[in-house]
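Chemist: My questions will all concern the structure given below.
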Amino acid sequence: MGQSLEQKKRMVQEVATVANEAHSALAAEYRGLTAGDMDQLRVKARESGVYLRVVKNTLARRAVEGTEFECLRDGLEGPLLLAFSQEDPGSAARVLKDFSRDHDQLVVKMLAVGGQVFPGSEIDRLATLPTYDEAISRLMATMQAPVQKLATTLNEVPGKLVRTLAAVKDAKQG
């Protein structure tokens, strides 16, 4: 039994709301996956802060209209699921990439970031983006390195003096 017009409107509104707040979006073909496989994928997506939805292409086109993911419209063909990264740009790519290792039926067709569409082959670049916490820790490590080197250098001066005095003392006693 098909969906009523009200159900379709609610689905379009829900996807549009998520798309307005998402960092990136992926469209993947899921032909050949079992219902159990899809359930596993949904669980992994939920744990990673990824919104995953199977939507008819005509409804998906309406949902992304007016968002930065409108660039996906022309490629929405065939049985596709949409994955939106809600926490960081690479989260959906990581989930789909990890899942497709064991389930080769899942094929990423395209992805969109910042209003630009890319082929599914670019998933590795998106999946390797650091999370927010990783990016902050890398930044902090980069900012801390010069300070740490300065402290080490300044600490070396009195250390060298102490070693020199110890050598002079040993020379006088010996």
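Chemist: Name the single residue that is nearest to the chain's Cα centre (by Cα) among those in segment 22-47 being over 24 Å from GLU70 (Cα atoms) and among the polar types (S, T, N, Q).
Modeler: GLN40
Chemist: Now for a separate question. Output the residues belonging to segment 15-53 that are without any contact (Cβ under 8 Å) to a residue 60 or more places away in the chain, touching a helix residue (DSSP H, G or I) at 6+ places or on another chain (Cβ under 8 Å) and not polar (S, T, N, Q). Talk me through it step by step, then tell me what you get.
Modeler: Of segment 15-53, the ones without any contact (Cβ under 8 Å) to a residue 60 or more places away in the chain are 16-17, 20, 34-36, 38-40, 42-53.
Retained after the next criterion (residues that are touching a helix residue (DSSP H, G or I) at 6+ places or on another chain (Cβ under 8 Å)): 16, 40, 44-45, 48-53.
Within segment 15-53, ALA16, LYS44, ALA45, GLY49, VAL50, TYR51, LEU52, ARG53 meet the criteria.
Chemist: Can I ask one more? Within 16 Å of the chain's Cα centre (by Cα) and either within 23 Å of GLN40 (Cα to Cα) or not small (Gly, Ala, Ser) (or both), is that true of LEU139?
Modeler: Working: within 16 Å of the chain's Cα centre (by Cα): no; either within 23 Å of GLN40 (Cα to Cα) or not small (Gly, Ala, Ser) (or both): yes.
For LEU139, the condition - within 16 Å of the chain's Cα centre (by Cα) and either within 23 Å of GLN40 (Cα to Cα) or not small (Gly, Ala, Ser) (or both) - is not met.
Chemist: Name the residues in segment 38-53 that are farther than 22 Å from GLY114 by Cα and either of a type in the set (Asp, Glu) or in a strand (DSSP E or B) (or both), would you? Break it down into steps so the answer makes sense when it comes.
Modeler: Applying the first criterion (farther than 22 Å from GLY114 by Cα) to segment 38-53 yields 38-44, 46-47.
Result: ASP39, GLU47.
Chemist: Here is a follow-up. Within segment 25-37, is even one residue part of a helix (DSSP H, G or I) and buried (at least 18 other Cβ atoms within 10 Å of the Cβ)?
Modeler: Looking through segment 25-37, none of the residues is part of a helix (DSSP H, G or I) and buried (at least 18 other Cβ atoms within 10 Å of the Cβ).
Chemist: Against the conditions (1) free of Cβ contacts under 8 Å to residues at least 60 places away in the same chain; (2) within 19 Å of HIS23 (Cβ to Cβ); (3) surrounded by 10 or more Cβ atoms within 10 Å (Cβ to Cβ); (4) assigned by TED's automatic domain parsing to the domain that holds LEU72, where does SER121 fall short? Just the number, please.
Modeler: (2)
The values are calculated or read from the model by the stated rules, or taken from the named source; none is laboratory data. All values reported here derive from a predicted model rather than from experimental measurement. FYI the Cβ positions are ideal-geometry reconstructions off the backbone, even for glycines, and counts take in every protein chain you see.
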